[in-house]
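So the structure is just underneath, and the comments pick up after that.
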Amino acid sequence: MQSREKRDGLRPVILGYDAVSPLGTDFSAQWEAAVAGRSGIGPLTRFPLREQFPVTVAGQVPPVDVTPYPFLRPREMAQWTSPVFLHGMLVVHRALERAGLTITPELAPRVAVTFSTAIGGLDAVLEADRQLSQHGKLPKPFVNPNSCVNMVGGKVSILTGAQGPICTTITACATGSTSMIVGAMFLQAGMADVVICGAVDFPLVEPIVAGFATMNGAYKQKTGEEEPPSRASRPFALDRRGFVVSEGAACIVLASREFARAHGLPFELELAGWDMTADAFHFVAPNPVTVSRCVRAAIANAGLVPADIDAVNAHAASTKVGDKIEADVLHEIFGGAIPPVVANKSQLGHLMGASSAMESVLAMEGMRRGILLPTVNHTPDPDLPGLPLSQGSQNLDQELVLKNAFGFGGCNACLVFRRV
């Protein structure tokens with residue numbers, strides 16, 4: 001059994017983070033919008049909607065001003081047409097800036113990349129297929145590189161000069177969390193001193209959105225029903241009807257304590273514990289047994305007991321079955337003392353692989369500021385009693401926060417963040 005001091009020394013620290021989401025492209029503005037309880041959900045405009053197309057709302061990232069970033073200007077990005085590349089590289093660049101870290105040739109061999117994506121650049125290959133089938137046009141040379149899922153991490157490595165281990169951690173909706181877990185393991189194994197973690201997904205592509213609708217996962221407005229798009233995402237609510245498909249990106253820079261201290265890099269947070277499990281159950285429905293085991297093991301991995309947790313950042317996809325199982329697991333683990341729970345998807349929608357990275361960033365910013373974000377659009381569900389959802393932004397001292405993430409295919413990844 002490791003001593004407390006040795007275990008603490010092995011826990012990665014968070015040097016910096018950044019994000020783009022339906023709430024905006026400047027992180028400070030996104031935080032202010034989240035605190036104010038605003039929603040980033042609006043009309044779906046990424047592609048022309050066919051008559052009777054089942055999905056009409058989405059969470060879309062506003063246009064980014066690339067003027068300050070020469071590496072993102074049209075000439076440099078001409079071949080990289082999928083938005084996962086522009087937005088992924090943007091948040092990585094800004095997260096490193098916020099960390100105060102420059103990757104020099106001396107540091108580069110010890111900097112790893114686990115920045116990932118669940119869906120990647122499928123939009124590029126789908127457009128190429130459309131051009132080939134309709135007009136007989138052969139794909140351009142960069143179509144296949146755009147659609148390679150690991151190319152997002154590759155472009156991040158090229159941008160930053162990172163030459164350490166590189167790994168794309170695809171675990172569906174848990175991808176962002178898994179990227180941090182794999183990054184933490186690289187650090188603990190002594191394979192790196194710094195890891196660029198996080199995820200990006202831009203899934204608002206016609207067949208992908210339609211596919212989520214036909215499998216009854218995505219929110220669909222009922223015929224004759226009129227409600228504003230901002231009401232569409234409502235996790236844990238009585239009238240929840242599936243997730244709102246959204247887009248975004250978030251980067252988290254992890255490092256060993258030793259590296260941070262040796263280079264004078266300040267930190268306020270650490271990744272204190274984590275765990276991953278496989279449901280081995282169903283391709284979309286979660287397994288309460290393995291979900292519960294993942295949550296318990298993440299808390300135990302941090303050297304804690306459930307009563308130590310100050311708040312829960314829930315997965316909360318807004319599906320009937322998924323939200324019920326997560327709520328039941330929280331009751332099982334915390335008993336009658338569930339800590340305050342926040343569901344960021346109520347404001348953001350579901351950013352697919354980037355969701356757990358984005359929500360982790362919001363959770364960490366809340367820990368730094370002593371603020372718990374709201375869960376909007378909530379109508380209490382009698383089948384989910386005793387769930388202490390945050391109804392508005394509130395001041396709350398949070399030393400320890402549990403972050404849950406559960407993905408298609410039964411991929412569970414839970415994290416515990418600690419303020420240090």
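Read-outs throughout are calculated quantities, based only on the coordinates presented, and are distinct from any laboratory measurement. As the structure is a prediction and not an experimental result, all values here were calculated from the model. Backbone-built Cβ (ideal geometry, glycine too); neighbour counts: all protein chains shown.
Here are the numbers:
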item: Cα→Cβ-extended label distance, 7 Å offset, between Glu332 and Asp239, nm; result: 3.1 nm
item: Ranking of Arg261, Arg293, Arg50, Arg110 by count of other Cβ atoms within 10 Å, fewest first; result: Arg50, Arg261, Arg293, Arg110
item: Per-pair calculated FRET efficiency, R0 = 25 Å: Arg369 and Leu10 via Cβ, rounded to 0.05; result: 0.35
item: Average Cα contact separation per residue, the range 273-419, under 8 Å, 6 or more apart, as relative contact order %; result: 36 percent
item: Residue order, fewest to most surrounding Cβ atoms within 10 angstrom, among Ile309, Ile41, Ile333, Ile371; result: Ile333, Ile371, Ile309, Ile41
item: Backbone HN-Hα couplings from phi across the range 25-41 [Karplus 6.51/-1.76/1.60, Hz, Gly and Pro as x]; result: 10, 9, 5, 4, 5, 5, 4, 4, 5, 5, 4, 6, x, 7, 9, x, 8
item: Extension reserve of the Leu126-Ala280 stretch, reckoned as 0.36 nm per residue once the Cα distance is removed; result: 52.3 nm
item: Relative contact order %, the range 189-333, counting alpha carbon pairs below 8 Å whose residues are six or more apart; result: 27 percent
item: Calculated from backbone phi, Karplus (6.51, -1.76, 1.60) coupling profile of the range 297-307 in Hz, x at Gly/Pro; result: 5, 5, 5, 5, 4, 7, x, 10, 10, x, 5
item: Ordering of 381-387, 285-291 by burial proxy (mean other Cβ atoms within 10 Å per residue, highest first); result: 285-291, 381-387
item: The range 4-262: relative contact order in percent, alpha carbon pairs under 8 Å with at least 6 residues between; result: 30 percent
item: ³J(HN,Hα), Karplus 6.51/-1.76/1.60, whole Hz, each residue of the range 210-219, x for Gly, Pro; result: 4, x, 4, 5, 5, 8, 6, x, 7, 5
